[in-house]
Amino acid sequence: MQELAAASSNVAIRRLRAGALIDTSDDVIEEVPIAFEYNGISHAVMLASPQDLEEFALGFTLSEGICRSSSECYDIEIVPSIDGVTLQIQISSEAFAKLKEKRRNLTGRTGCGVCGTESLNQVLRPLQQCESDQVLHASGIQHALAHLSAHQPLTRVTGGAHAACWCMPDGKLVAVFEDVGRHNALDKLIGSMAQRRIDPRHGFVLMTSRASVELVQKAATIGIPALVAISAPTGLAIQTARNCGMCLIAFARKNEFVVYTNEQNIKMD
């Protein structure tokens, strides 16, 4: 049986350092085609890191609204091959019928959430309201940022991974997932939260990336009330977060961040 590829590999390189070329080696992150099949029908192909694939399958299924809850996802089988990995996902007949109605082909680039979408109205799908009276303290966000690097082994080795983290309001890191694509990392986190029955209404997601509209949509689909990103937001992400009641924070650094929506939910200690 074909084995899953490793998340990183070591390659021979030539490095320029101190005015000299040195023959050495480097660890690089891997990306593998991951095919999603629902009840035997091909739905999407993503490029992703070949780890935490059961969480990826469940998280993608939930964050894309294919299933409303994990109870509608009956089984996940991971089938590696020489060309990549197929995730064979069995879902309820009701969920599969709805999927066929809005079926799209996402054969796309690394972590892209909308490549191959067939029409414009499929990009900005209706979202549930996730507005919350949850208070986030600045010290909690700063605590999460300060402790994040210790939970990023793939990033430490390769420098090429994004991380998605579930944090309690006080900044305690509950779960961290890495992937070559930021959307994939968030899907893996969402899948793990569903497996562990973590309540998405109490806490926030921290992303080591920019805040794109796809991340806002995925988080809002499962009811996450707050998203924190270390890089810039897009205008559409801000608009979408405002429309669904999500607290969106970006440019999060050790001692500063910018609150773009629901600023009343952020307090100083």
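Within region 231-248, the presence of a residue that is basic (Lys, Arg) and crowded, with 19+ Cβ neighbours inside 10 Å is excluded. Residue check, Ser149 against (1) over 18 Å from Glu55 (Cβ atoms); (2) within 10 Å of the chain's Cα centre (by Cα), all met but one. Which one? Checking Ser149 against (1) over 18 Å from Glu55 (Cβ atoms); (2) within 10 Å of the chain's Cα centre (by Cα), the one that fails is (2). Take the conditions at positive phi and either at pLDDT 95 or above or crowded, with 16+ Cβ neighbours inside 10 Å (or both) and apply them to Arg197. Does it pass? It is true that Arg197 is at positive phi and either at pLDDT 95 or above or crowded, with 16+ Cβ neighbours inside 10 Å (or both). With the requirement that a residue be surrounded by 11 or more Cβ atoms within 10 Å (Cβ to Cβ) and free of Cβ contacts under 8 Å to residues at least 40 places away in the same chain, what does region 1-24 give you? Of everything in region 1-24, those that are surrounded by 11 or more Cβ atoms within 10 Å (Cβ to Cβ) and free of Cβ contacts under 8 Å to residues at least 40 places away in the same chain turn out to be Ser9, Asn10, Ile13, Arg15. Only one of Ser42, Ser69 is over 23 Å from Pro126 (Cα atoms) and not assigned by TED's automatic domain parsing to the domain that holds Gly159; which? Residue meeting the stated conditions: Ser42.
Yes or no: Ile141 assigned to a helix (DSSP H, G or I), closer than 15 Å to Phe56 by Cα and β-branched (Val, Ile, Thr)? So Ile141 fails the test. Of all residues in region 74-94, which are more than 21 Å from Glu214 (Cβ to Cβ) and touching a helix residue (DSSP H, G or I) at 6+ places or on another chain (Cβ under 6 Å)? Of everything in region 74-94, those that are more than 21 Å from Glu214 (Cβ to Cβ) and touching a helix residue (DSSP H, G or I) at 6+ places or on another chain (Cβ under 6 Å) turn out to be Ile76, Ile78, Ile91, Ser92. Here is a check on your reading of the model: is Ile89 modelled with pLDDT of 95 or more and either surrounded by 16 or more Cβ atoms within 10 Å (Cβ to Cβ) or outside the structural domain of Ala219 (by TED's automatic domain parsing) (or both)? Answer is yes for this residue.
Listed here are the residues, each with its yes/no results for (1) surrounded by 15 or more Cβ atoms within 10 Å (Cβ to Cβ); (2) at pLDDT 65 or above; (3) among the hydroxyl-bearing types (Ser, Thr, Tyr).
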{"position": "Ser81", "(1), (2), (3)": "no, yes, yes"}
{"position": "Cys112", "(1), (2), (3)": "yes, no, no"}
{"position": "Leu124", "(1), (2), (3)": "no, yes, no"}
{"position": "His137", "(1), (2), (3)": "yes, yes, no"}
{"position": "Ala144", "(1), (2), (3)": "yes, yes, no"}
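Assess whether Ile224 counts as being within 27 Å of Ala57 (Cα to Cα) and among the hydrophobic types (A, V, I, L, M, F, W, C). Considered against the rule, which asks whether it is within 27 Å of Ala57 (Cα to Cα) and among the hydrophobic types (A, V, I, L, M, F, W, C), Ile224 comes out as yes.
Of all residues in region 185-194, exactly one satisfies the criterion of being surrounded by fewer than 24 Cβ atoms within 10 Å (Cβ to Cβ) and either under 15 Å from Ala163 (Cβ atoms) or without any contact (Cβ under 8 Å) to a residue 60 or more places away in the chain (or both), namely Ser192. Checked against the criteria, Phe204 does not count as over 13 Å from Leu124 (Cβ atoms), among the aromatic types (Phe, Trp, Tyr) and surrounded by fewer than 24 Cβ atoms within 10 Å (Cβ to Cβ). Considering region 1-89, the qualifying strands (runs of 3 or more DSSP E), each wholly inside and each with 2 or more residues that are among the acidic types (Asp, Glu), run over 20-29, 73-81. Scanning region 57-71 for residues that are out of contact with any strand residue (DSSP E or B) (no Cβ under 8 Å at 6 or more places or on another chain) and more than 16 Å from Ile224 (Cβ to Cβ) yields a total of 1.
The values are calculated or read from the model by the stated rules, or taken from the named source; none is laboratory data. Treat the numbers as computed from the prediction; the structure is a model and nothing was measured. All Cβ positions, glycine included, derive from the backbone under ideal geometry; neighbour counts span all protein chains shown.
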